[in-house]
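Here the structure is laid out as structure tokens; the discussion comes afterwards.
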There are 2 protein chains.
Amino acid sequence: MSISSRFSVGIHILALIELNKNTVNTSESIAESVNTNAAVIRKIMGMLKKADLIKVQPGVAGIQFAKSYPEISLLDVYQAVQVVKDNELFSIHNNPNPNCIVGQNVQGSVEHYFNRAQRAMEDELKTIMIKDVVDDMKREVEL
Amino acid sequence: MSISSRFSVGIHILALIELNKNTVNTSESIAESVNTNAAVIRKIMGMLKKADLIKVQPGVAGIQFAKSYPEISLLDVYQAVQVVKDNELFSIHNNPNPNCIVGQNVQGSVEHYFNRAQRAMEDELKTIMIKDVVDDMKREVEL
DNA sequence: ATACATGTAATGATAATGATTACAAGTTGT
DNA sequence: ACAACTTGTAATCATTATCATTACATGTAT
């Protein structure tokens, strides 16, 4: 299993806004950079918009940041594209046997620890900014 | 998306070994507790065996721990059941446009941060022992 | 009004998972 | 040796999620 690439595409989109400041980014041009279909980009743009990360207007070309660019973390994107539901990174086996004491209690016991692990990952994402990714890229490209 | 329930089933199996010390656990009896098919249990048992967490013999009923029970962490199980490949919790969009500087470099820049987040989650799993889960369950059941 | 953008729904291909069935291979006790 | 039972493992199927694609409605600007 793997977390949907919507996440990495979302990051890609936001990075492009900063890196292509001087040009107008359309879903078409972004799709070219990502190498996917424009409809896919538009769908993800919609999610980023709903999460108040970007501003997009129907009918008018171009994307802008909706909040201060350096303040956008990977966690913001991760949550925006809804790639993992709250406390559901790990799935617990659905139907334990109701007649088995163990079966009935494993779920509750394990759930708490699963949430702890998921939170550790998300806390780490919170510390990483889109700006960090973009700065890395700028450095690489300038070599 | 969600990480396969093989993980929680693997934990379930190991917990049963400790909780049912006095009885012989067969893939059939475990399958009843988990409420799934015995073949599913056998497959996961095979993975736990390969990772040297349990001892199972073809033809002979019963499972035993292969290493000291209190030393088995959730990370051990997680790795045994191969629910997430190394550094592939997050998937990066496959085919960036080779003509686009940004497309080509997003991957490398992002990968490093993705690995960091995955490692944070796995480090947390390392601190949680099967014994912790079992102790919680014993406490709950005794209420 | 035309040209072009975003928004969104429907469809299809692909892949992963879990359940199930079936059977080979190993062990034990008589 | 044989019968009964177990693990090991492969094949198949239904279900689900994702991504790509097509199509079209809706919105904006010149």
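The values are calculated or read from the model by the stated rules, or taken from the named source; none is laboratory data. Source: prediction; values computed, not measured. Ideal geometry is used to build each Cβ from the backbone, glycine not excepted, and the neighbour counts take in all protein chains shown. These area figures cover heavy atoms from the full protein model, side chains too; ligands, DNA and RNA do not enter into them. Shrake-Rupley method; radii C 1.70, N 1.55, O 1.52, S 1.80 Å.
Summary table below
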{"read-out": "Where rotation carries B onto A, the chain B residue whose Cβ is nearest that axis, in whole Å", "value": "B:Met121, 2"}
{"read-out": "Buried area at the B-A interface (accessible, heavy atoms, 1.4 Å probe, summed, Å²)", "value": "4700"}
{"read-out": "Cβ-vector label at 7 Å, B:Glu142, separations to other copies in nm", "value": "6.3"}
{"read-out": "Per residue accessible area of the protein assembly as shown, 1.4 Å probe, in Å²", "value": "50"}
{"read-out": "Pair A:Asn87, A:Glu111: separation of 7 Å Cα→Cβ label points (nm)", "value": "0.6"}
{"read-out": "Carbon plus sulfur fraction of accessible area for the range A:1-46, probe 1.4 Å, in percent", "value": "46"}
{"read-out": "For the range B:31-143, the spread of Cα positions along each principal axis, largest first, Å", "value": "60, 35, 26"}
{"read-out": "Copies compared at A:Gln104 - label distances in nm, ascending, label defined 7 Å from Cα in the Cβ direction", "value": "6.2"}
{"read-out": "Largest-first ordering by accessible area, 1.4 Å probe, given options A:Arg119, B:Arg6", "value": "A:Arg119, B:Arg6"}
{"read-out": "Long-range HN-HN contacts of B:Ile128 with modeled amide H, under 5 Å", "value": "B:Leu74, B:Leu75"}
{"read-out": "Distant-in-sequence amide H partners of B:Ile54 (H built 1.01 Å from N, under 5 Å)", "value": "B:Lys49, B:Ala66"}
{"read-out": "Inter-copy separations for A:Gly59, label at 7 Å along Cα-Cβ, nm, ascending", "value": "7.9"}
{"read-out": "3J(HN,Hα) from dihedral phi, the range B:32-40, Karplus parametrisation 6.51/-1.76/1.60, rounded to Hz, x for glycine, proline", "value": "5, 5, 6, 6, 9, 8, 4, 5, 4"}
